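What follows is a set of notes on a single structure, which appears directly below.
The values are calculated or read from the model by the stated rules, or taken from the named source; none is laboratory data. Given the structure is predicted, the values throughout are model-derived calculations rather than measurements. Cβ placement follows ideal geometry from the backbone for every residue including glycine, while neighbour counts extend to all protein chains displayed. When the accessible area is computed, the model is the full protein with side chains, heavy atoms only, and any ligands, DNA or RNA have been set aside. Shrake-Rupley method; radii C 1.70, N 1.55, O 1.52, S 1.80 Å.
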Amino acid sequence: SGFELRASRYYGERNALTLILAGGDEAASVPGGVVLTAVRSAALTGRHWFDPHWAASWSAGRTRQGSLYSRNGVSLGLQHVF
């Protein structure tokens, strides 16, 4: 079972900023068997168009899977529409 909550702020014609919160239970394989862990994630994403053909996109997020691990990440991208 799980949940996901998204909230977006749109500005301009195609630009957006989005906050994502998610959680749930996930089976994880560990030495000695399989355990059920609580997973929680949060991310902030965005896309900003500079002109009709070019946009910058980005995201930053964190995921925690029980006491097994935490994962943090960021990404930055450039998009071109032909």
Exercise for the section: For the stretch 1-10, indicate whether the set of residues that are farther than 21 Å from Val81 by Cα, acidic (Asp, Glu) and loosely packed, with under 14 Cβ neighbours inside 10 Å is non-empty. Expected result: yes
Fill in the blank from the handout: Reported set for the stretch 57-82 where residues are touching a His at 6+ places or on another chain (Cβ under 6 Å) and among the small types (Gly, Ala, Ser) is none
Exercise for the section: Report whether or not Asp51 is at pLDDT below 95, surrounded by 10 or more Cβ atoms within 10 Å (Cβ to Cβ) and not aliphatic (A, V, I, L, M). Expected result: no
Problem - Leading residue by the ranking (nearest to Arg62 (Cα to Cα)) among those in the stretch 16-42 that are polar (S, T, N, Q) and within 17 Å of the chain's Cα centre (by Cα) - result: Ser41
Problem - Filter result (touching a Phe, Trp or Tyr at 6+ places or on another chain (Cβ under 8 Å) and open to solvent by 100 Å² or more (accessible area, probe 1.4 Å)) within the stretch 54-82 - result: Val74, Leu76, Leu78
Exercise for the section: Return the total of residues in the stretch 23-39 being buried (at least 16 other Cβ atoms within 10 Å of the Cβ) and touching a Leu at 6+ places or on another chain (Cβ under 8 Å). Expected result: 1
